[in-house]
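Novice: Structure below; questions to follow.
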Amino acid sequence: QVVDKGNHRHFMLKEIYEQPIVVAQTLRSYLQRMDERVTLPIPEGDLSAVKRVTIVACGTSFYAGMVARYWFEQFARVPVDLDVASEFRYRAPVMEPGGLALFISQSGETADTLAALRHARAEGQTIAVVCNVPTSSMAREADLLLSTHAGPEIGVASTKAFTCQLAVLAAFAANLARAKGRLSREDERAIVEHLAEAPASLNAALALDEAIEQVATQVAPARDVLYLGRGTDYPLALEGALKLKEISYIHAEGYAAGEMKHGPIALIDDAVPVIVIAPSGPLFEKTVSNMQEVRARGGRVILISDEDGIAEAGAGCAATIALPRVHPLIAPIVYAVPIQLLAYHVAVQKGTDVDQPRNLAKSVTVE
Ligand code: G6P
């Protein structure tokens with residue numbers, strides 16, 4: 001299959017822009033809205049016995065798994081163990097019978113993740129795989145294949161595969177919750193409704209492209225950048241920092257907003273942009289108070305929130321990015337767009353090779 005950039009300057013930008021369509025396409029296989037049920041292509045009985053979920057992945061796929069941990073625990077009340085694939089096997093992980101091991105991979109070929117999958121199989125786990133390439137090794141070795149329908153991803157830095165992974169993982173968490181008898185019809189209907197809103201919200205986020213390009217001019221000269229978030233926005237902070245590192249070569253760190261006072265706050269001065277990811281929701285006030293700690297020390301804050309959040313806490317920030325207000329469930333999907341676009345524009349302003357960053361490979365097939 002030949003893929004071209006269309007009217008876009010880079011594959012990465014094209015793939016960022018494809019997200020409303022490919023997330024909708026992916027959700028179509030997992031949401032059945034007719035009778036307000038979330039469906040998955042497996043019998044419910046298979047999931048009701050799951051006692052524990054072990055999530056393993058690398059890179060951006062790992063951060064999707066980290067978001068999913070919140071959903072599995074919150075909706076299904078099933079304990080979740082999470083690790084990067086390169087560490088997983090070496091700590092003698094405890095996997096009891098009846099466990100589900102979930103591997104997330106765009107390519108389905110990442111050597112560390114594949115080795116971890118085989119280890120979990122040898123430990124008697126049921127193997128679920130969230131993957132974008134149905135013919136890949138991981139897809140073939142899965143007991144339960146949960147495909148993302150992002151289409152071929154060419155840019156080395158993953159974008160559309162990530163949001164599609166999140167869409168599948170949210171639907172899967174809801175399905176597990178239902179199988180465990182933890183999801184009321186009403187909650188189920190709400191989850192389906194919120195997920196179904198994701199494509200439109202992604203479009204609204206893409207409409208901020210030019211504003212984000214402007215904000216990027218404040219980040220491009222920096223040597224170090226911090227990203228802060230709480231709850232499911234914490235993995236997003238990690239993913240934002242990873243995107244920036246990968247394609248702009250700026251040193252960036254993602255931190256749990258509340259943990260910042262235990263170290264990184266020592267880095268704060270007006271040369272370090274601090275990107276705060278804080279959608280309206282139950283954790284907003286707490287994150288904002290961490291943001292004020294940064295501001296009180298002369299930090300240059302870029303706040304990514306929604307109109308309500310910016311109205312409440314935007315004063316005094318060096319820049320703000322105001323997304324439409326979305327339900328906290330889909331916030332990690334929608335907030336992926338501004339962090340991707342920010343990294344993209346910083347890289348373009350710095351003149352790096354966006355689609356083929358130095359030293360990186362699209363798929364890492366060595367351990
Ligand atoms: C490489 C890519 C990343 C990707 C990671 C995991 O490092 O550059 O973009 O997130 O591998 O790849 P996977 O195909 O397993 O998701």
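The values are calculated or read from the model by the stated rules, or taken from the named source; none is laboratory data. The model shown is predicted, which means the values in this text are computed figures rather than measured ones. Heads up, the Cβs are rebuilt from the backbone with ideal geometry, glycines too, and the neighbour counts pull from every protein chain shown.
Novice: Output the number of residues of the stretch 331-367 satisfying the condition of being in a helix (DSSP H, G or I) and surrounded by fewer than 19 Cβ atoms within 10 Å (Cβ to Cβ). Step through it out loud before you land on a result.
Specialist: Going through the stretch 331-367, the residues in a helix (DSSP H, G or I) turn out to be 331-334, 336-350.
Subset that is surrounded by fewer than 19 Cβ atoms within 10 Å (Cβ to Cβ): 349-350.
The number of residues fulfilling the criteria is 2.
Novice: Among the residues of the stretch 221-230, is there at least one that is of a type in the set (V, I, T) and either touching a residue at least 60 places away in the same chain (Cβ under 8 Å) or under 19 Å from M12 (Cα atoms) (or both)?
Specialist: To start, the set of residues in the stretch 221-230 that are of a type in the set (V, I, T) comprises 225.
Checking which are either touching a residue at least 60 places away in the same chain (Cβ under 8 Å) or under 19 Å from M12 (Cα atoms) (or both) leaves us with none.
Within the stretch 221-230, not a single residue is of a type in the set (V, I, T) and either touching a residue at least 60 places away in the same chain (Cβ under 8 Å) or under 19 Å from M12 (Cα atoms) (or both).
Novice: Checking A115 against (1) surrounded by fewer than 17 Cβ atoms within 10 Å (Cβ to Cβ); (2) modelled with pLDDT of 95 or more; (3) away from the ligand (no atom under 16 Å from the Cβ), which single condition isn't satisfied?
Specialist: (3)
Novice: Of the residues in the stretch 139-154, how many are surrounded by fewer than 24 Cβ atoms within 10 Å (Cβ to Cβ) and either in contact (Cβ under 8 Å) with a residue 60 or more places away in the chain or part of a helix (DSSP H, G or I) (or both)?
Specialist: Applying the first criterion (surrounded by fewer than 24 Cβ atoms within 10 Å (Cβ to Cβ)) to the stretch 139-154 yields 139-145, 147, 149, 151-152, 154.
Checking which are either in contact (Cβ under 8 Å) with a residue 60 or more places away in the chain or part of a helix (DSSP H, G or I) (or both) leaves us with 139-141, 144, 147, 149, 151-152, 154.
Within the stretch 139-154, residues that are surrounded by fewer than 24 Cβ atoms within 10 Å (Cβ to Cβ) and either in contact (Cβ under 8 Å) with a residue 60 or more places away in the chain or part of a helix (DSSP H, G or I) (or both) number 9.
Listed here are the residues, each with its yes/no results for (1) in contact with a Ser or Thr (Cβ under 6 Å, 6 or more places away or on another chain); (2) away from the ligand (no atom under 14 Å from the Cβ); (3) not hydrophobic (A, V, I, L, M, F, W, C).
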| site | (1), (2), (3) |
| --- | --- |
| A319 | no, yes, no |
| P332 | yes, yes, yes |
| Y335 | no, yes, yes |
| L342 | no, yes, no |
| Q356 | no, no, yes |
| K362 | no, no, yes |
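Novice: Among the listed residues D233, D209, which satisfies the condition of being surrounded by fewer than 22 Cβ atoms within 10 Å (Cβ to Cβ) and at pLDDT 95 or above? Step through it out loud before you land on a result.
Specialist: Working: D233 fails: surrounded by fewer than 22 Cβ atoms within 10 Å (Cβ to Cβ).
It is D209.
Novice: With the structure loaded, tell me whether L100 is part of a strand (DSSP E or B), away from the ligand (no atom under 15 Å from the Cβ), farther than 25 Å from G155 by Cβ and not charged (D, E, K, R) or whether it fails that test. Can you show your working first?
Specialist: Working: part of a strand (DSSP E or B): yes; away from the ligand (no atom under 15 Å from the Cβ): yes; farther than 25 Å from G155 by Cβ: yes; not charged (D, E, K, R): yes.
Answer is yes for this residue.
Novice: Also, quick follow-up: Taking the stretch 112-135 on its own, how many of its residues are assigned to a loop (DSSP other than H, G, I, E, B) and not small (G, A, S)?
Specialist: Here is the first cut: in the stretch 112-135, the residues assigned to a loop (DSSP other than H, G, I, E, B) are 123-125, 132-135.
Those left that are additionally not small (G, A, S): 123, 125, 132-135.
Final tally of qualifying residues: 6.
Novice: Please indicate, with yes or no, whether at least one residue in the stretch 5-12 is farther than 26 Å from L236 by Cα, surrounded by fewer than 23 Cβ atoms within 10 Å (Cβ to Cβ) and among the small types (G, A, S). Give the steps one after another, and end with the answer.
Specialist: Restricting attention to the stretch 5-12, the residues satisfying the condition of being farther than 26 Å from L236 by Cα are 5-7.
Next cut, surrounded by fewer than 23 Cβ atoms within 10 Å (Cβ to Cβ) only: 5-7.
Now restrict to residues that are among the small types (G, A, S): 6.
Within the stretch 5-12 (the criterion being farther than 26 Å from L236 by Cα, surrounded by fewer than 23 Cβ atoms within 10 Å (Cβ to Cβ) and among the small types (G, A, S)), the answer is yes, since at least one residue qualifies.
Novice: Next question, about the same structure. Does any residue of the stretch 3-25 turn out to be out of contact with any Pro (no Cβ under 6 Å at 6 or more places or on another chain) and over 30 Å from T352 (Cα atoms)?
Specialist: Applying the first criterion (out of contact with any Pro (no Cβ under 6 Å at 6 or more places or on another chain)) to the stretch 3-25 yields 4-19, 21-22, 25.
Of the ones still in play, those that are also over 30 Å from T352 (Cα atoms) are 25.
For the stretch 3-25, residues out of contact with any Pro (no Cβ under 6 Å at 6 or more places or on another chain) and over 30 Å from T352 (Cα atoms): present.
Novice: Additional query: Tally the residues that are surrounded by fewer than 17 Cβ atoms within 10 Å (Cβ to Cβ) and part of a helix (DSSP H, G or I), restricting the search to the stretch 171-202.
Specialist: Qualifying residue count, the stretch 171-202: 8.
Novice: To continue, here is another question. Can you report the number of residues in the stretch 212-249 which are closer than 17 Å to M291 by Cβ and polar (S, T, N, Q)? Even if it seems obvious, please write down each step before you answer.
Specialist: To start, the set of residues in the stretch 212-249 that are closer than 17 Å to M291 by Cβ comprises 215, 218-219, 225-231, 233-234, 236-237, 240-241.
Restricting the remaining residues to those that are polar (S, T, N, Q) gives 218.
The total comes to 1.
Novice: Between a residue in the stretch 97-113 that is in contact (Cβ under 8 Å) with a residue 24 or more places away in the chain and any residue that is more than 15 Å from the ligand (Cβ to nearest atom) and charged (D, E, K, R), which pairs come within a Cβ distance under 7 Å, given they are 6 or more apart or on different chains?
Specialist: So the pair list comes out as G98/K51; G99/K51; G99/R52.
Novice: Restricting the first residue to the stretch 252-278 and requiring it to be of a type in the set (D, E), which pairs with a second residue that is buried (at least 20 other Cβ atoms within 10 Å of the Cβ) meet a Cβ separation below 6 Å and a spacing of at least six or different chains?
Specialist: Filtered contacts from the stretch 252-278: E253/L226; E253/A241; D270/R300.
Novice: Among T54, T39, which is among the β-branched types (V, I, T) and touching a helix residue (DSSP H, G or I) at 6+ places or on another chain (Cβ under 7 Å)? First the steps, then the outcome.
Specialist: Working: T39 fails: touching a helix residue (DSSP H, G or I) at 6+ places or on another chain (Cβ under 7 Å).
Criteria check complete, one pass: T54.
Novice: Can you tell me which residue within the stretch 193-208, out of those that are touching a helix residue (DSSP H, G or I) at 6+ places or on another chain (Cβ under 8 Å) and not small (G, A, S), is nearest to L100 (Cα to Cα)?
Specialist: L195
Novice: Tell me, please, whether a residue that is under 14 Å from S136 (Cβ atoms), of a type in the set (F, W, Y) and within 14 Å of the ligand (Cβ to nearest atom) can be found in the stretch 76-89. Let's see the steps before the verdict.
Specialist: First pass over the stretch 76-89, keeping only residues under 14 Å from S136 (Cβ atoms): none.
Checked against the condition, which is being under 14 Å from S136 (Cβ atoms), of a type in the set (F, W, Y) and within 14 Å of the ligand (Cβ to nearest atom), the stretch 76-89 yields no hits at all.
Novice: Now for a different question. Against the definition (in contact with a strand residue (DSSP E or B) (Cβ under 8 Å, 6 or more places away or on another chain) and touching a residue at least 24 places away in the same chain (Cβ under 8 Å)), how does F11 come out, yes or no? Lay out the reasoning, then the answer.
Specialist: Working: in contact with a strand residue (DSSP E or B) (Cβ under 8 Å, 6 or more places away or on another chain): no; touching a residue at least 24 places away in the same chain (Cβ under 8 Å): yes.
Taking the combined requirement at face value, the residue does not satisfy it.
Novice: Return the only residue of R69, R37 being over 21 Å from N203 (Cβ atoms) and modelled with pLDDT of 95 or more. First the steps, then the outcome.
Specialist: Numbers: R37 fails: modelled with pLDDT of 95 or more.
None of the others qualify; the one that does is R69.
Novice: For the stretch 248-262, what are the residues that are buried (at least 20 other Cβ atoms within 10 Å of the Cβ) and more than 26 Å from L169 (Cα to Cα)?
Specialist: Within the stretch 248-262, S248, I250, A252, M260 qualify.
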